[in-house]
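Undergrad: Starting off with a structure, shown below.
The values are calculated or read from the model by the stated rules, or taken from the named source; none is laboratory data. No experiment lies behind these values; they were computed from the predicted model shown. Counting neighbours? That spans all protein chains shown, and the Cβs are built from the backbone with ideal geometry, glycine included.
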Amino acid sequence: MTPNTSIDLDDLYQDIILDHYKHPRHAAKLTPEEALVDEENPTCGDQILLTLDLEDGCVTNVRYAAHGCAISVASASMMSELLTGKPEAEARQLIQDFVAVMKGEKDLDPELGDVVALEGVKKFPLRIKCATMSWHALLHALEKRKAEGVME
Amino acid sequence: MGRMKVKMKRDFEETVAGFDIDAIRADFPILSERVHGEKPLVYLDNAATTQKPACVLTAIEKYYRTANSNVHRALHELAARATEGYEGARASVARFIGAPTPESIVFTRGTTESINLVAHGWGRGNIGRGDEILLTEMEHHSNLVPWQMLARAVGAELRFVPMLDDGTLDLDAYAKLLGPRTKLVAVTQMSNVLGTINPIKSMVAQARAQGALFLVDAAQSVPHMAVDVQDLDCDFLAFSGHKMCAPTGIGALYIRPSVVDRLEPFMGGGEMILKVQLEESTWAEPPHRFEAGTPNIAGAFGLAAAIDYLESVGMDRIRDHEQALTAYALDRLREVPGLTLFGTARERGGAISFALGDVHPHDVAQFVDREGVAIRAGHHCAQPLMRRLGVHATSRASLYLYNTEAEVDALVAALRKTLEFFGDDT
């Protein structure tokens with residue numbers, strides 16, 4: 001019975017989100033074998049295959065194949081733009097911050113670029129997982145890549 | 001009170017004849033809710049759960065106001081009222097699904113618990129290494145996972161009847177898969193994703209010829225069509241109250257009387273015992289043997305009222321209405337550009353899955369919600385079926401007795417708007 005009138009769907013589907021959804025940056029055709037991580041959102045069946053490299057301690061060559069809704073695909077696209085080239089520690093911090101923003105625990109840094117458009121998602125609790133799935137996937141990929149480096 | 005109202009309504013309907021949709025809608029208070037400000041609610045998520053008529057709400061309240069007490073134990077007047085209502089509900093369920101005796105009905109939390117009860121209570125003692133459990137590709141997780149757990153525990157094998165492209169079961173394959181090792185067949189009577197109605201009666205006959213028991217997942221069928229367990233000749237039949245106008249947390253399991261002695265209790269505790277000593281106990285007679293702990297008494301009162309209500313409308317009339325409305329909905333949905341329907345079985349109910357071009361089902365559901373239309377998006381607890389269909393998720397509209405052609409029109413209009421919004425501009 002919560003009145004929902006103040007929540008506008010336009011917050012969820014801003015033009016910039018639709019643009020990333022229709023033209024996802026750094027998207028690639030990946031097979032599960034080529035991907036470092038293969039994650040699914042069990043509540044809706046969304047899936048992301050993702051891989052990346054670590055060069056001189058920086059995140060590079062982020063590529064992913066995302067099957068999902070506009071929010072999940074746009075979020076993966078925006079994330080790939082934001083995190084490419086970032087030192088690993090900074091990338092981890094940005095992921096942590098983004099997840100905290102989605103939980104409503106802090107505000108998004110308005111200087112972060114396109115990602116700022118995703119802030120409206122937190123008004124739609126059922127969609128927060130759509131926005132955060134790719135960020136968790138990238139974090140896991142980072143850990144895998146790092147573990148490989150240690151083994152070498 | 002609730003009953004009286006239903007009875008009056010029945011008389012009214014009989015004089016009017018046919019199916020009075022306006023009167024039915026007026027029985028469901030929530031249907032006059034408005035959402036997102038001023039939009040009338042168009043509730044098309046009935047395969048997930050259904051709305052409750054006022055007589056069911058009244059029955060639950062009446063229990064708490066006038067009969068609240070624990071069942072079967074105390075000797076006071078309220079306990080007698082509670083027990084009478086609870087056991088009366090059992091008799092209502094038995095009558096509703098054609099069970100031979102009220103004692104063949106066990107109250108559970110719902111279909112999932114009913115199936116788990118059979119998997120544990122019957123499966124652990126009657127299925128062993130190398131035995132086969134035959135399921136289908138279109139099962140809900142609640143009719144898959146309990147059998148996976150059982151198979152893992154006892155070393156049994158799972159087999160699956162494949163689905164044809166039209167959303168019906170491959171019955172030739174079914175005949176071939178049945179064999180002397182098949183101990184149990186467990187099949188949904190109506191797919192919660194595709195609406196397909198499976199030919200349970202003939203499937204049971206084939207299974208019996210091989211000596212296998214048969215469990216029917218009737219979560220989607222009992223609410224929407226007349227079901228008779230003795231006609232089907234099945235051994236177990238499971239369904240949930242909340243998908244048939246009753247509250248959540250109450251459901252039932254039918255157990256054929258001739259197999260009940262092969263079941264061990266599922267849970268231990270109060271209510272299900274005869275004599276308890278420190279080291280061991282003996283069990284109460286069925287069905288109480290399978291109902292440990294204080295049951296959902298209010299839920300049983302609500303379920304009885306829901307059954308009275310559905311019977312007063314008439315299950316055949318409900319089925320006729322839903323068939324006509326489903327045919328209308330399929331025709332209208334086919335007019336939407338780029339819309340793909342999943343499942344084209346002739347024998348079907350009102351669960352309709354579709355894809356709207358490339359628009360993800362989550363975006364579809366979110367967008368039509370703004371128009372006041374409630375549908376479901378996702379895998380519908382049927383991930384293997386999604387893989388069989390080659391999709392990650394579908395959008396699903398599912399109909400019930402209170403839905404109208406105007407509501408189908410509202411869905412179609414909302415889908416067209418969704419297409420315009422996400423439309424291809426690449």
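Undergrad: What's the number of the only condition in (1) assigned to a loop (DSSP other than H, G, I, E, B); (2) more than 14 Å from chain A (Cβ to nearest Cβ); (3) not basic (Lys, Arg) that B:Phe354 fails to meet?
TA: For B:Phe354, the failing item is (1).
Undergrad: Look through the range B:24-51, keep the residues that are among the small types (Gly, Ala, Ser) and modelled with pLDDT of 95 or more, and return whichever of them is nearest to B:Val313 (Cα to Cα).
TA: Applying the filter and picking the extreme gives B:Ala26.
Undergrad: Ok, one more. Quick check, is B:Asp331 touching a residue at least 24 places away in the same chain (Cβ under 8 Å) and assigned to a helix (DSSP H, G or I)?
TA: no
Undergrad: Oh, and also: For the range B:56-63, indicate whether the set of residues that are among the polar types (S, T, N, Q), within 26 Å of the chain's Cα centre (by Cα), closer than 19 Å to B:Gly249 by Cβ and surrounded by 23 or more Cβ atoms within 10 Å (Cβ to Cβ) is non-empty.
TA: no
Undergrad: With (1) under 15 Å from B:Leu194 (Cβ atoms); (2) of a type outside the set (Gly, Ala, Ser); (3) in contact (Cβ under 8 Å) with a residue 40 or more places away in the chain; (4) more than 14 Å from every other protein chain (Cβ to nearest Cβ) as the list, and B:Thr340 as the residue in question, which single condition is left unmet?
TA: With respect to (1) under 15 Å from B:Leu194 (Cβ atoms); (2) of a type outside the set (Gly, Ala, Ser); (3) in contact (Cβ under 8 Å) with a residue 40 or more places away in the chain; (4) more than 14 Å from every other protein chain (Cβ to nearest Cβ), B:Thr340 is out only on (3).
Undergrad: Within the bounds of the range B:353-374, is there any residue that is buried (at least 22 other Cβ atoms within 10 Å of the Cβ) and of a type in the set (Ser, Thr, Tyr)?
TA: Yes: one or more hits.
Undergrad: Taking the condition among the charged types (D, E, K, R), over 17 Å from B:Asp235 (Cα atoms), at pLDDT below 95 and more than 22 Å from the chain's Cα centre (by Cα), does B:Glu77 pass?
TA: yes
Undergrad: Could you list all residues from the range B:197-213 that are under 24 Å from B:His120 (Cβ atoms), assigned to a helix (DSSP H, G or I) and not aliphatic (A, V, I, L, M)?
TA: Across the range B:197-213, the qualifying residue is only B:Arg208.
Undergrad: While we're on this one: Residue by residue through the range B:364-394, note down the ones that are under 24 Å from B:Glu33 (Cβ atoms) and out of contact with any His (no Cβ under 9 Å at 6 or more places or on another chain).
TA: B:Val364, B:Ala365, B:Gln366, B:Phe367, B:Val368, B:Val373, B:Ala374, B:Ile375, B:Arg376
Undergrad: Sticking with this one: So, restricting to helices (runs of 4 or more DSSP H) that lie completely within the range A:65-152, which ones have at least 2 residues that are more than 14 Å from chain B (Cβ to nearest Cβ) and out of contact with any helix residue (DSSP H, G or I) (no Cβ under 9 Å at 6 or more places or on another chain)?
TA: Those helices (runs of 4 or more DSSP H) span A:88-102, A:128-151.
Undergrad: While we're here: Could you list all residues from the range B:291-313 that are free of Cβ contacts under 8 Å to residues at least 60 places away in the same chain and surrounded by fewer than 17 Cβ atoms within 10 Å (Cβ to Cβ)?
TA: Correct list: B:Gly293 only.
Undergrad: Can you tell me which residues in the range B:168-196 are surrounded by fewer than 21 Cβ atoms within 10 Å (Cβ to Cβ) and in a loop (DSSP other than H, G, I, E, B)?
TA: Result: B:Asp170, B:Gly179, B:Pro180, B:Arg181.
Undergrad: Moving on. If the Cβ limit is 7 Å and pairs must be 6+ apart or interchain, which residue in the range A:85-110 that is among the small types (Gly, Ala, Ser) pairs with which residue that is part of a helix (DSSP H, G or I) and surrounded by 13 or more Cβ atoms within 10 Å (Cβ to Cβ)?
TA: Note: pairs meeting the criteria are A:Ala91/A:Leu83; A:Ala91/A:Leu142; A:Gly104/A:Lys122.
Undergrad: Looking only at residues that are of a type in the set (Gly, Ala, Ser) and without any contact (Cβ under 8 Å) to a residue 60 or more places away in the chain in the range B:380-413, which one is nearest to the other protein chains (Cβ to nearest Cβ)?
TA: Going through the qualifying residues, I end up with B:Ala393.
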